[in-house]
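The values are calculated or read from the model by the stated rules, or taken from the named source; none is laboratory data. As the structure is a prediction and not an experimental result, all values here were calculated from the model. Backbone-built Cβ (ideal geometry, glycine too); neighbour counts: all protein chains shown.
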């Protein structure tokens, strides 16, 4: 799909564009070229299995949880896990900010893990400077409200990067990440907690 879109836009912009040899035509062509590149990038990202999962499958999967769903490991209950996922999305949109704690020379190793097919191990702990050892108190009165907050935080994430997928925001461990890298990290994170509660 992205290849066909690129070819069609090229034909229109550089071969069949009306008035292409005029100054106005060239300016218009440049403007449309930028728009075309943005559309092609978005189409490429939308084709990744990770983004399709996050956009289309994450919420229906998590909504099968109940307040009494039990975890296979860890201390969080089901609602605490949902609220934890929402907070993670807020980090990717700068709604929550933490300082970078990973030494710069170690960031390539974390990036390599991010780009790999490896999963987070069971009982993986966030650094204590980011999360305490005990689960945080609940922020919402019930599971329904927590789910709605997660859905809202995820929607804000897509909107935040909609106009510029190359924009970077900082994860305290993985460092500066663009949209595609955040997609990979959110997928690893969500699927990790889905496995925690036997959803995957």
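A quick yes/no check of all residues on (1) outside any loop (DSSP other than H, G, I, E, B); (2) within 19 Å of the chain's Cα centre (by Cα); (3) modelled with pLDDT of 95 or more:
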{"site": "111", "(1), (2), (3)": "yes, yes, yes"}
{"site": "114", "(1), (2), (3)": "yes, yes, yes"}
{"site": "118", "(1), (2), (3)": "no, yes, yes"}
{"site": "123", "(1), (2), (3)": "no, no, no"}
{"site": "132", "(1), (2), (3)": "no, no, no"}
{"site": "136", "(1), (2), (3)": "no, no, no"}
{"site": "176", "(1), (2), (3)": "yes, yes, yes"}
{"site": "185", "(1), (2), (3)": "yes, yes, yes"}
(request) Output the residues belonging to the stretch 90-109 that are part of a loop (DSSP other than H, G, I, E, B) and in contact (Cβ under 8 Å) with a residue 60 or more places away in the chain. (result) 93, 94, 95, 97, 98, 99, 100, 101, 102
(request) Of all residues in the stretch 158-174, count the ones that are under 14 Å from the mean Cα position of the chain (by Cα) and in a loop (DSSP other than H, G, I, E, B). (result) 8
(message) I need every pair where a residue in the stretch 141-157 that is on the phi > 0 side of the Ramachandran plot and assigned to a helix (DSSP H, G or I) has its Cβ under 8 Å from the Cβ of a residue that is surrounded by fewer than 19 Cβ atoms within 10 Å (Cβ to Cβ) and at pLDDT below 95, sequence separation at least 6 or different chains.
(response) none
(request) From the list 191, 166, pick out the single residue that is in contact with a helix residue (DSSP H, G or I) (Cβ under 9 Å, 6 or more places away or on another chain) and loosely packed, with under 13 Cβ neighbours inside 10 Å. (result) 166
(request) Count, please, the residues in the stretch 62-86 that happen to be touching a helix residue (DSSP H, G or I) at 6+ places or on another chain (Cβ under 8 Å) and within 23 Å of residue 156 (Cβ to Cβ). (result) 12
